[in-house]
1. How many of the residues making up the stretch 45-57 are modelled with pLDDT of 85 or more and farther than 16 Å from Lys86 by Cβ?
2. Working carefully through the options Thr38, Thr5, find the one that is part of a helix (DSSP H, G or I) and loosely packed, with under 10 Cβ neighbours inside 10 Å.
3. Test Ala88 against the stated conditions and say whether it is part of a helix (DSSP H, G or I) and either among the β-branched types (Val, Ile, Thr) or at pLDDT below 90 (or both).
4. I need the full set of residues from the stretch 57-98 which are of a type in the set (Val, Ile, Thr), without any contact (Cβ under 8 Å) to a residue 40 or more places away in the chain and surrounded by 12 or more Cβ atoms within 10 Å (Cβ to Cβ), in order please.
5. Suppose we keep only residues that are at pLDDT 95 or above and among the small types (Gly, Ala, Ser) within the stretch 20-44. Which one would you say is nearest to the chain's Cα centre (by Cα)?
6. Looking at Leu41, Leu33, Leu92, which is the one that is touching a helix residue (DSSP H, G or I) at 6+ places or on another chain (Cβ under 9 Å) and not basic (Lys, Arg)?
Amino acid sequence: MPDLTKTLKDAAYVSVGLGVLAFQKAQVQRRELRQQVTKQLNGTRDQVQKVARDIESRFEPVVSQLEGRLPPQARDLVKQARDTAKDARTQLRSLVGSAA
């Protein structure tokens, strides 16, 4: 009977050891996955910001030209809309930057 007890103890120790190793491996994989996702999100955020800057730089001259041709009341409305859009862009950029 002593051999059976020793064998059962050894099996229990091996089982616990394998469980610990599996848990540690899962933690390493989780960290690696998190790093990959973070890297991809940062790259995507940078691309979105670049596209937004490109669109803004192309859109701005068109709006400025259009604004100059409008009657004064409409020009004031466009100016208010542009100021509001600028504030929204600033807030969005600060939110995107703080999420990084």
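1. Looking only at that region, the number is 5.
2. Thr5
3. yes
4. Within the stretch 57-98, Val63, Val78 meet the criteria.
5. Only one residue tops the list, namely Ala26.
6. Checking each option against the conditions leaves just Leu92.
The values are calculated or read from the model by the stated rules, or taken from the named source; none is laboratory data. Just so it is clear, the structure is predicted and the values come from calculations on it, not from any experiment. Glycine also receives a Cβ, built like all others from the backbone with ideal geometry; neighbour counts cover every protein chain displayed.
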